[in-house]
Amino acid sequence: MTMLVQEERFEFRDVRSDEGLLPQLQRACEQHLPDGAVAVRFVVTESTASSYQCECGVLSGLAESGRPPIRSIFEFRPRLTENAAQFNIVFLIPTGVGAEIGGHAGDAAPVARMLAEVCDTVVLHPNVVNASDLNEMPSNALYVEGSVITRLMMGTVGLSPVRSNRVLVVIDAHPDELFVNATVNTVSGARAAYGLSAEVVCLDPPVELRAHYAPSGRAAGSVEQLEGLCQVLEERSGKYDAVALSSVIDVPPDFHQGYFDAAGLMLNPWGGVEAMLTHTLSSMYNIPTAHSPMFESREIANMDPGIVDPRMAAEAVSETFIQCTLKGLRQSPRIVTDPQAMSRPGVFTIEDVSCLVVPDGCLGLPTLAALEQGISVIAVRENRNVMNNDLALLPWSPGQFHVAENYWEAAGVLAALKAGIAVDSVRRPLRYTVVETHSETAADVRDERPLRSEESSLRLDPSHVGERCS
C-alpha cells in the first residue's frame, strides 16, 4: 500500500455541553477515518449549535511504509500561565477557503505588516505572505507552516528562532528542462543576492498532486507518490534545516486563464493541496516546509493573462513561484517537540501567545485551541470566505472573543489588549456598571441601568460584560 493524502468528510452531532469540543471532535474524527489513517489537517466547514460539518486531510499507508507513527493533531497540552512580558499574536488566514484578503498571492502581507506594528512578534504562515517572487513579511515575524501553527496553539510544539537555515530544495523532474533550469536559477539568484544556503535535488518520479474542490467549496485535492520524496528527506537527514518544494499540480487547463479572468471570484485551486502536502511532511519530520507550484507546460507558461486583479498580479509575472518560499524558509524557526527543550529560554511556546487573529467564520484547530487555552480571539468580518460558522456561538469566556469589522479595527483591538484595557472602554456608549446583590436567603439579583433608546442602536460586541462587585 502506497502513502496517500486525501480529503475525508463527516458530520458530528450530539454535542455534549459538559465536555469541551476538542475531545469530542477528536473522537468523531477517529471514528470516521479509514483504518490505519491519520488526520493531518482538520476544519469545521459549517456548524450550528448542535452539529458540525467537518473536512479532514487524511494520510493513509504510513504504517505499511514502515515509517514511525506521527502524533495526533488533536493532542492538547493546556498552558499553565501566560507570559505577559511581551505581546505576541498568531495571524492566521487558512489556505484554500477563498479569503477575500490573503486568498490569492501574498495579498495579506500589508495586513501582516500593519498588525506587526502593534505587537512584539507575529506568527504567520506561508499563505499570508507568499507572493511568487515576493515575500514582504515583517521583520518581527516567525514564518511557519500551517500545521505548526496548529500544534503551537495546541501546546505541543515550540519555535526556536534561528539566524539562518540550510534549505533543501526538491524540484520535480519536469519533462521540459526549461522549468527545472528556471527553478535552479532562482535558487542560485537567492544564494548570490541574499546569501541563502541551499542544496537542490531533482525528484524522479515526482510527487503527484491533484487539485479539486471539496463539497464545502474549499480547495483540496490528493497527494500520491510520497515515498520517493520521503526517501530523499530521510537519506539527507541532518544535512538541511528546512525544505522547499517545487512541483506540478494537476488542474484542468482552463483553470489558469479562468482564475485570472474571474477577478478574484474563483477560489484559488492550488493552495489547498499544497497545504495537505506540507502539513503531512511537517507532521512526519518536524521540519519547516513550504511548497510552490510549477508550470505544467510552455503553453501555459506563455499564456498572456492580460491586466489582472492586483491580488493575483504577483502570480501573473512569475516563472517559478518559489522565491517567496526560499525567503520565508531562510529564517523559519526550528520546531521543538521535546517538553524539556520547550521550557528553555528563547523557545516560543503557547505561553507566549497573547491573541489569535482569524477571518470570521473560520473554525479549525487553532481557533478551538485558543478557546480552550483562554487566548483572546479576534474574528475579522471583512475577510469573507466560504466557511459558514458563527464563532460567537462557541462557549467563550467573558471578554475572550472580539469581532472586528476590518483589519484596521482589529489593530485597534490588539492595541487595547496590549495596553491591558477593556476593549469596550474606548467605545461609546459606555455601559453602566453591573451590580450584583448577594443574599443568603434570596437568589442573586442583577441590576443594570437600561440603555437609552439612541444608545441601543449602536453596535456593541455581545461578549462584552461590565465590571462586577459583590
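Condition (residue is under 21 Å from Arg41 (Cα atoms) and basic (Lys, Arg)) applied to the stretch 218-229: is it met by at least one residue?
Start the filter on the stretch 218-229 by keeping residues that are under 21 Å from Arg41 (Cα atoms), which leaves 218-227, 229.
Of the ones still in play, those that are also basic (Lys, Arg) are 218.
Within the stretch 218-229 (the criterion being under 21 Å from Arg41 (Cα atoms) and basic (Lys, Arg)), the answer is yes, since at least one residue qualifies.
In the stretch 208-235, how many residues are of a type in the set (Asp, Glu) and free of Cβ contacts under 8 Å to residues at least 40 places away in the same chain? Spell out the reasoning first.
Step one: of the stretch 208-235, the residues of a type in the set (Asp, Glu) are 208, 224, 227, 234-235.
From what is left, the residues that are free of Cβ contacts under 8 Å to residues at least 40 places away in the same chain are 234-235.
Number of matching residues: 2.
Looking at the structure I just gave you, is Thr2 in contact with a Gly (Cβ under 6 Å, 6 or more places away or on another chain), of a type in the set (Val, Ile, Thr), at pLDDT 95 or above and part of a loop (DSSP other than H, G, I, E, B)?
Details: in contact with a Gly (Cβ under 6 Å, 6 or more places away or on another chain): yes; of a type in the set (Val, Ile, Thr): yes; at pLDDT 95 or above: no; part of a loop (DSSP other than H, G, I, E, B): yes.
Answer is no for this residue.
Quick one: how many residues across the stretch 295-330 are touching a Ser or Thr at 6+ places or on another chain (Cβ under 6 Å), in a loop (DSSP other than H, G, I, E, B) and of a type in the set (Gly, Ala, Ser)?
Number of matching residues: 1.
For the stretch 168-189: of the residues being in contact (Cβ under 8 Å) with a residue 24 or more places away in the chain and either among the hydroxyl-bearing types (Ser, Thr, Tyr) or not assigned by TED's automatic domain parsing to the domain that holds Met294 (or both), which is surrounded by the fewest Cβ atoms within 10 Å (Cβ to Cβ)?
Of everything passing the filter in the stretch 168-189, Thr186 is surrounded by the fewest Cβ atoms within 10 Å (Cβ to Cβ).
For His291, only one of the following conditions fails: (1) farther than 11 Å from Leu209 by Cβ; (2) in contact (Cβ under 8 Å) with a residue 24 or more places away in the chain. What is its number?
Condition not satisfied by His291: (1).
State all residues of the stretch 192-238 that are assigned to a helix (DSSP H, G or I) and among the charged types (D, E, K, R); if no residue qualifies, say none. Let's see the steps before the verdict.
Going through the stretch 192-238, the residues assigned to a helix (DSSP H, G or I) turn out to be 192-194, 226-235.
If the condition is that a residue be assigned to a helix (DSSP H, G or I) and among the charged types (D, E, K, R), then Glu227, Glu234, Glu235 are the ones that fit.
Could you identify the single residue in Ala370, Ala392 that is of a type in the set (Gly, Ala, Ser), at pLDDT 95 or above, under 21 Å from Ile421 (Cβ atoms) and not in a strand (DSSP E or B)?
Details: Ala392 fails: under 21 Å from Ile421 (Cβ atoms).
Selected residue: Ala370, the only one of Ala370, Ala392 that is of a type in the set (Gly, Ala, Ser), at pLDDT 95 or above, under 21 Å from Ile421 (Cβ atoms) and not in a strand (DSSP E or B).
From (1) among the hydrophobic types (A, V, I, L, M, F, W, C); (2) more than 17 Å from His291 (Cα to Cα); (3) surrounded by 15 or more Cβ atoms within 10 Å (Cβ to Cβ), pick out the condition that doesn't hold for Ala192.
Going through (1) among the hydrophobic types (A, V, I, L, M, F, W, C); (2) more than 17 Å from His291 (Cα to Cα); (3) surrounded by 15 or more Cβ atoms within 10 Å (Cβ to Cβ) one by one, Ala192 breaks only (3).
I'm trying to understand the selection: among the residues of the stretch 14-29, which are out of contact with any helix residue (DSSP H, G or I) (no Cβ under 9 Å at 6 or more places or on another chain) and over 20 Å from Glu75 (Cα atoms)?
Quick first cut of the stretch 14-29, residues out of contact with any helix residue (DSSP H, G or I) (no Cβ under 9 Å at 6 or more places or on another chain) only: 17-19, 23-24, 26-29.
If the condition is that a residue be out of contact with any helix residue (DSSP H, G or I) (no Cβ under 9 Å at 6 or more places or on another chain) and over 20 Å from Glu75 (Cα atoms), then Ser17 is the only one that fits.
Looking at the stretch 162-211 only, could you name the residues that are acidic (Asp, Glu) and farther than 20 Å from Ile287 by Cα?
In the first step, residues of the stretch 162-211 are kept if they are acidic (Asp, Glu); the result is 172, 176-177, 199, 204, 208.
Once the filter is applied, which keeps residues that are acidic (Asp, Glu) and farther than 20 Å from Ile287 by Cα, the stretch 162-211 yields Asp176, Glu177, Asp204, Glu208.
Hey, does the stretch 77-94 have a residue that's touching a Leu at 6+ places or on another chain (Cβ under 8 Å), under 25 Å from Leu265 (Cα atoms) and buried (at least 23 other Cβ atoms within 10 Å of the Cβ)? Let's see the steps before the verdict.
First, pick out the residues of the stretch 77-94 that are touching a Leu at 6+ places or on another chain (Cβ under 8 Å): 87, 89-92.
Those left that are additionally under 25 Å from Leu265 (Cα atoms): 91-92.
The next check asks that each one be buried (at least 23 other Cβ atoms within 10 Å of the Cβ); those that pass are 91-92.
Yes, that holds for at least one residue.
Grab the strands (runs of 3 or more DSSP E) fully contained in the stretch 24-93, keeping just those with 3 or more residues being out of contact with any Cys (no Cβ under 8 Å at 6 or more places or on another chain).
Numbers: elements: 38-47, 52-60, 88-91.
Hits in the stretch 24-93: 38-47, 52-60.
In the set Ala263, Ala301, Ala290, which member is touching a Phe, Trp or Tyr at 6+ places or on another chain (Cβ under 9 Å), at pLDDT below 95 and over 18 Å from Gln6 (Cα atoms)?
Working: Ala263 fails: touching a Phe, Trp or Tyr at 6+ places or on another chain (Cβ under 9 Å); Ala290 fails: at pLDDT below 95.
Step by step, each of Ala263, Ala301, Ala290 is checked, and only Ala301 is touching a Phe, Trp or Tyr at 6+ places or on another chain (Cβ under 9 Å), at pLDDT below 95 and over 18 Å from Gln6 (Cα atoms).
Quick grid of which residues meet (1) modelled with pLDDT of 95 or more; (2) in contact with a Pro (Cβ under 7 Å, 6 or more places away or on another chain); (3) hydrophobic (A, V, I, L, M, F, W, C); (4) surrounded by 18 or more Cβ atoms within 10 Å (Cβ to Cβ):
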residue: Gln6; (1), (2), (3), (4): yes, no, no, yes
residue: Asp14; (1), (2), (3), (4): no, no, no, no
residue: Leu21; (1), (2), (3), (4): no, no, yes, yes
residue: Pro34; (1), (2), (3), (4): no, no, no, no
residue: Tyr52; (1), (2), (3), (4): yes, no, no, yes
residue: Glu75; (1), (2), (3), (4): yes, no, no, no
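The values are calculated or read from the model by the stated rules, or taken from the named source; none is laboratory data. Values in this document were obtained by computation on a predicted structure and should not be read as measured data. Virtual Cβ from ideal backbone geometry, glycine too; neighbours counted across all protein chains shown.
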